[in-house]
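Undergrad: Dumping the structure here so I can ask a few things about it.
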Amino acid sequence: MSSPCFISGLGLHLPRTTMTNADLERIVDTSDEWIVTRTGIKARHFAQDDEPCSVLAYNAACKALENAGLAPQDLTHIFVGTCSGDYNLPTTACLLQDMLGLKGLPAFDLAAACSGFLYGLETARAFTSLYPDARILVVGSEVVTARVNFEDRTTCVLFGDGAGAAVVTGSGNPGRIKVVDAMLKADGSVGGLLTIHGGGSACKPRLGQTIGPEYFVQMNGRDVFKHAVRCMAEISGTILERNGLTAGDIDLIIPHQANIRIIEAIAKKLDVDMEKVFVNVDRIGNTSAASIPIALTEAVSTGRIQPGMKVLLSAFGGGFTWASALLQF
Ligand code: UT7
């Protein structure tokens, strides 16, 4: 029996620049019609040079703290899910810790690609069990467009930048959203279908070398699509079953926002009407680890989620990693 875990505050931040499909038509051989029909995406936000991952994370974190009625000094830990941090070192979590003025506070990044926020949430759940008074800042922040090849039309139209944050608390500080359960999964055997190889120890940078396509997102879209649908549908079914629930008991499903066709396929597999599925991929695109906390924050702030509702989150990303969480409002 796990000890109670809560989300006490939520916040999101989007970069100021919006890129529409028409804007992308001017830089790559694509069309609004192709992007909308194949992905459902109409626009996304692109971070500028003064908006690196840590700055997006900081802005989302401040809003989550305000929403929780807390000050930075009330926090006990910082976890940041990202695959597009400011640098290899220092970590984005340490940069964020410094920006919040929290010298000494433990802070680390979680590398689980698009599942990064849910990996962070489950890690926070474990920490709150160990430290019931913990108040943990869990952030998903990404500037994926920094790692996108704008000469590769099969990937560059999909991604956007942004950040979402949650303050996760334990039994010592009950919050208004209960984290009922969470599950994490991974399968490294198929990780080669979605990669950013360049710069790692197996794909070393050399002084003065030309940066090649291996330094950017490379994806076998069709295969990733199939894995994403199967994994998110399966893990959603498993977490529901483990909690004695069926999809019909869920008031809102918030899946990773990568592609409207993936989202619709998951809804079909779970036999859930699209009215019960949250969608913002049309305005936000795929923001990787930021996708779930941005969507969750929007769903709460727009009144789409009301007290008493059960909400199911599910994510899928490079690695492969996938995850799910069940929330009771
Ligand atoms: O967040 C991590 C998880 N990531 C995902 O979940 C992404 C999963 N994959 C997908 O969402 C889809 O596979 C894509 C949106 C990436 C691609 O859609 P698709 O329906 O699988 O298209 P495709 O890759 O099979 O390509 C179909 C055609 C190709 O042309 P030919 O070979 O049939 O002549 C592509 O060259 O569409 C072409 N194409 C484009 N055309 C215009 C690919 N990208 C574009 C583009 N604009 N941006």
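The values are calculated or read from the model by the stated rules, or taken from the named source; none is laboratory data. Given the structure is predicted, the values throughout are model-derived calculations rather than measurements. Glycine gets a Cβ as well: all are built from the backbone with ideal geometry, and neighbour counts include every protein chain shown. Heavy atoms of the whole protein, side chains included, go into the accessibility calculation; ligands, DNA and RNA do not. Shrake-Rupley method; radii C 1.70, N 1.55, O 1.52, S 1.80 Å.
Undergrad: Using a probe of 1.4 angstrom, how much of the accessible area of the chain is carbon and sulfur, in percent? The partial results should precede the final answer.
TA: Values: 7320 of 13970 Å².
With neighbouring chains kept in place, the figure for the chain is 52 percent.
Undergrad: Also: Using 0.36 nm per residue, how much length does the chain from residue 150 to residue 66 gain when fully extended, once their Cα-Cα distance is taken away?
TA: Numbers: separation 84, 0.36 × 84 = 30.24 nm, distance 3.67 nm.
Length gained between residue 150 and residue 66: 26.6 nm.
Undergrad: Now a separate question. If Lys and Arg each add +1 and Asp and Glu each add -1, what is the summed charge of the other residues whose beta carbon sits under 15 Å from the beta carbon of residue 329? It would help to have the intermediate numbers written out before the result.
TA: On the way: positive: 176, 178, 276, 304, 310; negative: 181, 249, 251, 298.
That sum, taken over residues with Cβ under 15 Å, equals +1.
Undergrad: Right, next: Run through every distinct alpha carbon pair of the stretch 5-175 and return the Kirkwood hydrodynamic radius in angstroms, one decimal place.
TA: Its Kirkwood hydrodynamic radius stands at 16.6 Å.
Undergrad: Starting from the Cα of residue 73, move 7 Å in the Cα-to-Cβ direction to define the label point; list residues of the stretch 86-121 whose amide nitrogen is under 15 Å from there.
TA: Of the residues in the stretch 86-121, 100-105 have backbone N under 15 Å from the label point off residue 73.
Undergrad: What length, rounded to one decimal in nm, is gained on full extension from residue 31 through to residue 276, with 0.36 nm per residue of separation minus their alpha-carbon distance?
TA: On the way: separation 245, 0.36 × 245 = 88.20 nm, distance 3.00 nm.
Difference between extended and current length: 85.2 nm.
Undergrad: Moving to a separate point now. Take each uninterrupted DSSP H stretch in the chain, measure its Cα extent along the helix axis, and return the ones at 24 Å or beyond whose mean Kyte-Doolittle hydropathy is at least -0.5.
TA: TM-like helix candidates: 221-242.
Undergrad: While we're on this one: Lys and Arg at +1, Asp and Glu at -1: add these up for the other residues within a Cβ distance under 12 Å of residue 233 and post the number.
TA: Values: positive: 226, 230, 268, 269; negative: 234, 264, 271.
With Lys, Arg at +1 and Asp, Glu at -1, the neighbours total +1.
Undergrad: While we're here: Return the distance in nm (one decimal) between the two label points of a simple spin-label model at residue 306 and residue 186, each offset 7 Å from Cα along Cα→Cβ.
TA: 4.1 nm
Undergrad: When only Cα pairs under 8 Å and 6 or more residues apart are kept, what is the percent relative contact order across the chain? Please report the intermediate quantities before stating the final value.
TA: Working: 804 pairs, mean separation 82.4, N = 329.
Over the chain, the number comes to 25 percent.
Undergrad: What's the extension gain from residue 201 to residue 246 if we count 0.36 nm per residue and subtract their Cα-Cα distance?
TA: Details: separation 45, 0.36 × 45 = 16.20 nm, distance 4.46 nm.
Once the chain is fully extended between residue 201 and residue 246, it gains 11.7 nm.
Undergrad: For the chain, what is the mean residue ellipticity at 222 nm derived from helices alone (per DSSP H run of n ≥ 4: -39500 (n - 2.57); sum divided by total residues; nearest 500 deg cm²/dmol)?
TA: Taking each H run of at least 4 residues, the total per residue is -9500 deg cm²/dmol.
Undergrad: Identify which of 318, 192, 116 has the largest mean-square fluctuation in a Gaussian network model of the chain, with springs joining Cα atoms closer than 10 Å.
TA: Residue with maximal mean-square fluctuation among 318, 192, 116: 192.
Undergrad: Taking only the Cα atoms of the chain, how large is their convex hull per residue, in Å³? Kindly include the intermediate steps, with their values, before the conclusion.
TA: Details: hull volume 43.4 nm³, N = 329.
Once divided by residue count, the hull of the chain is 132 Å³.
Undergrad: Tell me the net charge near residue 158. Cut-off is 13 Å between Cβ atoms, residue 158 excluded, with +1 for each Lys or Arg and -1 for each Asp or Glu.
TA: Numbers: positive: 38, 42, 44, 147, 153, 261; negative: 142, 152, 161, 282.
Result for the local shell: +2.
Undergrad: Same structure, new question: Which order, highest average first, do 98-106, 246-254, 76-84, 166-174 follow once you tally other Cβ atoms within 10 Å for each residue and take the mean per peptide? Don't skip to the answer; put the middle values down first.
TA: Numbers: 98-106: 13.9, 246-254: 17.6, 76-84: 26.4, 166-174: 22.1.
Packing proxy ranking, top to bottom: 76-84, 166-174, 246-254, 98-106.
Undergrad: Report the normalised scattering of the stretch 180-329 as log10 I(q)/I(0) at q = 0.10, 0.13, 0.17, 0.21 Å⁻¹, calculated by the Debye formula with identical scatterers on the alpha carbons.
TA: Here log10 of I(q) over I(0) equals -0.39, -0.61, -0.94, -1.33.
Undergrad: Give me the percent relative contact order of the stretch 5-175, please, defined on Cα pairs under 8 angstrom at least 6 residues apart.
TA: Values: 387 pairs, mean separation 59.0, N = 171.
Relative contact order, the stretch 5-175: 35 percent.
Undergrad: Quick one: how many lysine pairs in the stretch 190-329 have C-alpha atoms under 16 angstrom apart, if they're 8 or more apart or on different chains? Mind showing how you got there, number by number?
TA: Numbers: 226/268; 226/269; 268/276; 276/310.
Final tally of qualifying lysine pairs is 4.
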